[in-house]
Amino acid sequence: MPSEASLRCQVLVVGAGPSGGDLARRLALQGLDVVLVDRLADLSRSAFSSAALPIASMEAFGLPAEVVGSRWRQWQLIGPGTATRSWASPQPLGVVLDFAALRRWQADQSLRWGARVLLGLHACSSHQESERMVTLLRRSDGSTLRVTSDWTVDASGQARALLGDPPPAERPRDGLVRAAGLEWLLRVSPACWERWADRLSFCLGSDWVPQGYGWIFPMAPGVLKLGVCRLVDPQRQQPPLGGLITEVGRRLLDSDWDGDAFAVLDRHGGLVRSTIRRREPHQRGRLVGLGDAVSTANLLGGEGIRHALTSSAVLAPLLQQGVLRDYAPQLRRALGWRWSLSGRLARRTWLNLHGPRADGRLDQVLRGLETCRAEDLSALLFGYRFERYGLRAMPYLLGWS
Ligand SMILES: Cc1cc2nc3c(=O)[nH]c(=O)nc-3n(C[C@H](O)[C@H](O)[C@H](O)COP(=O)(O)OP(=O)(O)OC[C@H]3O[C@@H](n4cnc5c(N)ncnc54)[C@H](O)[C@@H]3O)c2cc1C
């Protein structure tokens, strides 16, 4: 007979991704009795995120050097076709995180501040009994754990394991938009590493990745991240991501692809799912959503770590006070109107990028950005400052021109 156990805590956090790990750390630091669980038995596994961040986020979110894979100070945009443009700064502009190290560090900090961290537990269901939440978790051997808590936080990412998908949108334009990504970790020769170190490189255009984009990021000396991502379009037949990533890798890495030093060290990937307007319920009674579970990921650049961390910074003090009335509006304010605009741009930009006409428009946008500084491009792509640097670009992106 599989065993049954139970425990009691103030806050149960389901999911030790960036949002859940950060929330557990913050609440434990404030002395709350927190339990953090994840279905993964080892947080080094399934490190699905390419994890590029602007440098300011390191300080803003109190992240330590040990979670950094490498730093970068250049943007390189390849395509449409063979056009290559780059923008360099003398200063580091950002980091590529070691996503597994980030999750391990957050869990470790939570533990050190007194939280209980339980791995290899899959949250199956939760319901409210009077003023308490009761959540049922299952291990792979079939044994179960019943957790009674004042609050349960669903930080399970796009899976939305406890909150479930948002109800069918009243307006179809705010349904869940899905992006699927695949990433390989590659060992390459020192000479190949040098060519891709220090920069974020993206390939853009329908001849590279229809309805999406590809990338190469530096992870650590001699190790690159190669990835492809695209919006899921039920109206079109889309080529398999496995074939696309191989093709993009061959084209970008050329002779290094079959070189002696070359090896695929890991393959991972996942889905990003977000509503564009973020009007879904953030809470059901004492069950609260966090991070990707309430659509904080932005689909323009498939970027969600910063926004997931923002959601925990907003939720932590509210949970401490036990008053969550203002959670959704405060989170909306913290993400800002630019977040929302860029989400809308994302859907138009990527879904329409499937032929020479769209490639031509994109090429014009990129040409308009050639005179920018690298810092300006960061402000555009991470700060969504379209009005400062992209006004000329916007009509094209929006399909008005
Ligand atoms: C291929 C790819 C590339 C990306 N690149 C970037 C990038 O460069 N920069 C960036 O900012 N963002 C990137 N993202 C997005 C980013 O990774 C996410 O937005 C971010 O991780 C969301 O954090 P989260 O904590 O909300 O959810 P997640 O990171 O998804 O964490 C959820 C956790 O919950 C656990 N879980 C799920 N279901 C259950 C359950 N039933 N029971 C228990 N545990 C459960 C999971 O194991 C996981 O650990 C990328 C995503 C993908 C897929």
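Just so it is clear, none of the values below were taken in a lab; they were calculated from the coordinates. Remember, it's a predicted structure, so these values are computed and weren't measured experimentally. Glycine also receives a Cβ, built like all others from the backbone with ideal geometry; neighbour counts cover every protein chain displayed.
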Practice task
Consider just the alpha-carbon atoms of the stretch 1-97 and return their Rg together with their Dmax, both in angstrom.
Solution key: 19.4, 63
Completion exercise
Placing +1 on each Lys and Arg Cβ and -1 on each Asp and Glu Cβ in the stretch 132-260, then taking the dipole about the Cα centre, the residue among Leu224, Ser201, Pro168 whose Cα reaches farthest towards the positive end is Pro168
Exercise for the section: Whole Å is fine, so just give me how far the alpha carbon centre of the stretch 265-287 lies from that of the stretch 57-128. Expected result: 17
Exercise for the section: Take every Cα-Cα distance within the stretch 122-232, group them into 5 Å bins from 0 onward, and report for each bin the whole-number percent of pairs it holds. Expected result: 2, 10, 12, 12, 11, 10, 12, 11, 10, 7, 2, 1, 0
Problem - Packing-based order for 26-37, 66-77, using average beta carbon neighbours within 10 Å, highest first - result: 26-37, 66-77
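Let me spell out the model: positive unit charges on the Cβ of Lys and Arg, negative unit charges on the Cβ of Asp and Glu, origin at the Cα centre of the stretch 1-150. What dipole size does that give, in debye rounded to 20?
The calculation lands at about 300 debye.
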Handout entry: Coordinate range along principal axes, alpha carbons of the chain, Å, largest first
Key = 61, 50, 41
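If I stretch the segment between Thr82 and Arg348 completely, what's the gain in nm (0.36 nm per residue apart, minus their alpha carbon distance), one decimal?
Full extension from Thr82 to Arg348 adds 93.4 nm.
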Exercise for the section: Rank the residues Arg325, Arg373, Arg278, Arg103 as a footprinting-exposure proxy: fewest other Cβ atoms within 10 Å of their Cβ go first. Expected result: Arg325, Arg373, Arg278, Arg103
Practice task
Let me have the relative contact order for the chain, percent, based on Cα pairs under 8 Å that are six or more residues apart.
Solution key: 19
Problem - Amide H partners (placed H, <5 Å) of Met219, local residues excluded - result: Leu224, Lys225
Practice task
Return the percentage of antiparallel bridges among DSSP beta bridges fully within the chain, rounded to the nearest 5 %.
Solution key: 70
Problem - Ellipticity estimate at 222 nm from DSSP helix runs (n ≥ 4, -39,500 (n - 2.57)) divided over the chain, nearest 500 - result: -9500 deg cm²/dmol
Problem - Largest-first principal axis extents of the Cα set of the stretch 207-340 (Å) - result: 59, 39, 25
Handout entry: Per-residue ³J(HN,Hα) for the stretch 235-241, Karplus 6.51 cos²θ - 1.76 cosθ + 1.60, θ = phi - 60°, Hz, x for Gly and Pro
Key = 7, 10, 7, 10, x, x, 5
Problem - Projected area, mean over directions - the stretch 79-140, Cα convex hull, nm² - result: 10.2
Practice task
In whole Å, largest first, what are the principal axis extents of the Cα atoms in the stretch 311-374?
Solution key: 54, 28, 14
Practice task
Set Lys and Arg Cβ to +1 and Asp and Glu Cβ to -1, take the dipole of the chain about its Cα centre, and tell me which of Ser255, Thr84, Tyr384 lies farthest positive.
Solution key: Tyr384
Problem - Under Karplus coefficients 6.51, -1.76 and 1.60, residue-wise ³J(HN,Hα) of the stretch 150-165 in Hz, glycine/proline x - result: 5, 9, 10, 10, 8, 10, 8, x, 5, 5, 6, 4, 9, 6, x, 5
Completion exercise
At R0 = 30 Å the Cβ-Cβ FRET efficiency linking Gln128 and Leu318, nearest 0.05, sits at 0.95
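State, to one decimal in nm², a quarter of the convex hull surface area for the C-alpha atoms of the stretch 290-347, i.e. the direction-averaged projected area.
That works out to 3.7 nm².
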Exercise for the section: Work out the FRET efficiency for Arg338 and Arg45 from their Cβ-Cβ distance, taking R0 = 30 Å, and round it to the nearest 0.05. Expected result: 0.30
Problem - Acute angle (nearest 10 degrees) that the helix 99-112 long axis makes with the longest principal axis of the chain, alpha-carbon atoms - result: 30
Handout entry: Cα centre as origin, Lys/Arg/Asp/Glu Cβ charges: the stretch 251-360 dipole, Debye
Key = 1080
